[in-house]
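Before any comments, here is the structure.
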Amino acid sequence: MEVAKKLKLQSQRFHEKEMSWKVQEQVEEIKLKDRGHLRLKEWTKRNHYEKNMKDLRKQYEKYFTITRVDGRSLTSEQFVNQFEIPDIPCIIANTVDDWNIEKYWTFEKLYQLYKETSFKVGEDDKGKKLRMPFKNFLEYLVYNKDDSPLYLFESSLEDMKDGGADIINRFKLHKYFSEDLLAMVGEKHRPPYRWFLVGPQRSGTTVHIDPLMTSAWNTSLQGHKLWVLFPPDIPKCVVKAKGLAAKRLIDPVDLDESIDYFMNALPKLIEQEGADNLKIIMGIQGPGDTIFVPGGWWHAVLNLDNTIAITQNFMSINNFDKTWRSVRDERPKFSKRLLQVFQDQRSDLYERALKLDEIDKNQFRVLRQANPLSSDESTGSSSSSSSSSSSSSSSSDEDN
């Protein structure tokens, strides 16, 4: 009941002693499919529900070094020159003044508008989306005591018949991110890039890089998120703490869920490697804040309280080179379509892409000549300098 009062939820279903048996039954069915390796009782075995998120926040305060700027005064040109071109993460405050938060983006308003709409809250082992009506998910959010709760993470808003288009139309595209070159291929052909998020306290995403080396923005509409970011030059094995697990300095389970990463793996990683060597950047994103995550940056996110957010990934002229290389190497069929669109509509981008391909082919040829024994192992990839090998299929603030 305390959670419901804090979120200003009016329906009696949120003010009972526990969630209804019908919702409980649906939640259990989804849990068994979403994390099949866990038995139902293992969802609460670490008792994270009883731990104070304020203590966790205080633990990391000395690492809160991310640059914060004011969206009411920061110009688009300043953003590009100070952050996007040099690939520096930042949090931009006051970015939702014209989003009508109280009209559309509170938990109660979302309940009123979309309570019958089903959203993705997980996926099974075969990648099938697991959906739940918003009214049921919100009931779960209020009553759950899971260590790492289910996370509403919807990427198919434009395909939904019952409310998706409304959600898209009710948020404003920030002036800093108006350019998205992948949009040139059209909504039906581009990879997933936009997500609507409702995260219960303690949910989140463990450390990852966003897909195709795209950059991302994430806007918090309700609640607070704890972020940790590492630059692209920090190796995957380090940020994912695989070495610590191999040495049994941490439990491998601590790498599976965001809350375990922040509570157990990250402190030990900082202790072993040193914050300066990790080049760690952390910060708290609150309501109205938009965080910018440059392509290639490792990051993990934890919802410190119940949150609502919108996030998008994008390709602009300023991250064109690394994103094109990643698209070319990871999505060859899509890259051909994109290249054709560039040729038809933007000859400058078409020529730039071809030039990058030629540069990478030449570098690959030099490497083969310098190390002929490796040529037999080659798969024919054209890019020896591509930065896409560590890219994941998740969005910023998501690997579901």
Item to check | Single match in 366, 341 (criterion: surrounded by fewer than 21 Cβ atoms within 10 Å (Cβ to Cβ), out of contact with any helix residue (DSSP H, G or I) (no Cβ under 9 Å at 6 or more places or on another chain) and in a helix (DSSP H, G or I)) | outcome: 366
Checklist entry - If you go through segment 323-333 one residue at a time, do you hit one that is of a type in the set (Gly, Ala, Ser), modelled with pLDDT of 95 or more and part of a helix (DSSP H, G or I)? => result yes
Checklist entry - farther than 30 Å from residue 99 by Cα, without any contact (Cβ under 8 Å) to a residue 24 or more places away in the chain, in contact with a helix residue (DSSP H, G or I) (Cβ under 8 Å, 6 or more places away or on another chain) and open to solvent by less than 30 Å² (accessible area, probe 1.4 Å): does that describe residue 335? => result yes
Item to check | All positions within segment 209-222 that are open to solvent by 10 Å² or more (accessible area, probe 1.4 Å) and under 21 Å from residue 54 (Cα atoms) | outcome: 222
Checklist outcome for this item: Within segment 181-198, the residues that are of a type outside the set (Phe, Trp, Tyr) and either within 12 Å of the chain's Cα centre (by Cα) or open to solvent by 10 Å² or more (accessible area, probe 1.4 Å) (or both) are 183, 184, 185, 186, 187, 188, 189, 190, 191, 192, 194, 197
Next on the checklist: Checking the structure you have, find out if any residue of segment 257-265 is polar (S, T, N, Q), within 19 Å of residue 59 (Cβ to Cβ) and over 19 Å from the mean Cα position of the chain (by Cα).
Outcome noted: yes
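With 3, 80 as the choices, which residue is in contact (Cβ under 8 Å) with a residue 40 or more places away in the chain, within 24 Å of the chain's Cα centre (by Cα) and surrounded by 13 or more Cβ atoms within 10 Å (Cβ to Cβ)?
80
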Checklist entry - Across segment 7-17, what is the number of residues that are in contact (Cβ under 8 Å) with a residue 60 or more places away in the chain and either part of a helix (DSSP H, G or I) or farther than 10 Å from residue 139 by Cβ (or both)? => result 5
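Only one residue in 22, 31, 58 is at pLDDT 95 or above and open to solvent by less than 60 Å² (accessible area, probe 1.4 Å), so which one is that?
31
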Item to check | residue 95 farther than 21 Å from residue 316 by Cβ and touching a residue at least 40 places away in the same chain (Cβ under 8 Å) | outcome: no
Checklist entry - Which condition does residue 166 not pass, out of (1) part of a helix (DSSP H, G or I); (2) closer than 30 Å to residue 228 by Cβ; (3) more than 19 Å from the chain's Cα centre (by Cα), if it passes all the others? => result (2)
Next on the checklist: Taking the conditions exactly as written (more than 24 Å from residue 280 (Cβ to Cβ) and open to solvent by less than 70 Å² (accessible area, probe 1.4 Å)), does residue 97 satisfy them or not?
Outcome noted: no
Item to check | strands (runs of 3 or more DSSP E) enclosed by segment 192-290 - at least 1 residues per element that are under 28 Å from residue 171 (Cβ atoms) and free of Cβ contacts under 8 Å to residues at least 12 places away in the same chain | outcome: none
Item to check | Filter result (over 23 Å from the mean Cα position of the chain (by Cα) and closer than 22 Å to residue 11 by Cα) within segment 83-113 | outcome: 102, 103, 108, 109, 111, 112, 113
Checklist entry - Is there any pair linking a residue in segment 45-72 that is among the hydroxyl-bearing types (Ser, Thr, Tyr) to one that is open to solvent by 90 Å² or more (accessible area, probe 1.4 Å) and outside any helix (DSSP H, G or I), with Cβ under 9 Å and at least six apart or on different chains, and which? => result 49/145
Next on the checklist: Being more than 22 Å from the chain's Cα centre (by Cα) and open to solvent by 40 Å² or more (accessible area, probe 1.4 Å) is true for just one of 329, 276, 360. Which residue is that?
Outcome noted: 276
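The values are calculated or read from the model by the stated rules, or taken from the named source; none is laboratory data. Just so it is clear, the structure is predicted and the values come from calculations on it, not from any experiment. Virtual Cβ from ideal backbone geometry, glycine too; neighbours counted across all protein chains shown. Side chains included, ligands, DNA and RNA excluded: accessible areas come from the protein's heavy atoms. Shrake-Rupley method; radii C 1.70, N 1.55, O 1.52, S 1.80 Å.
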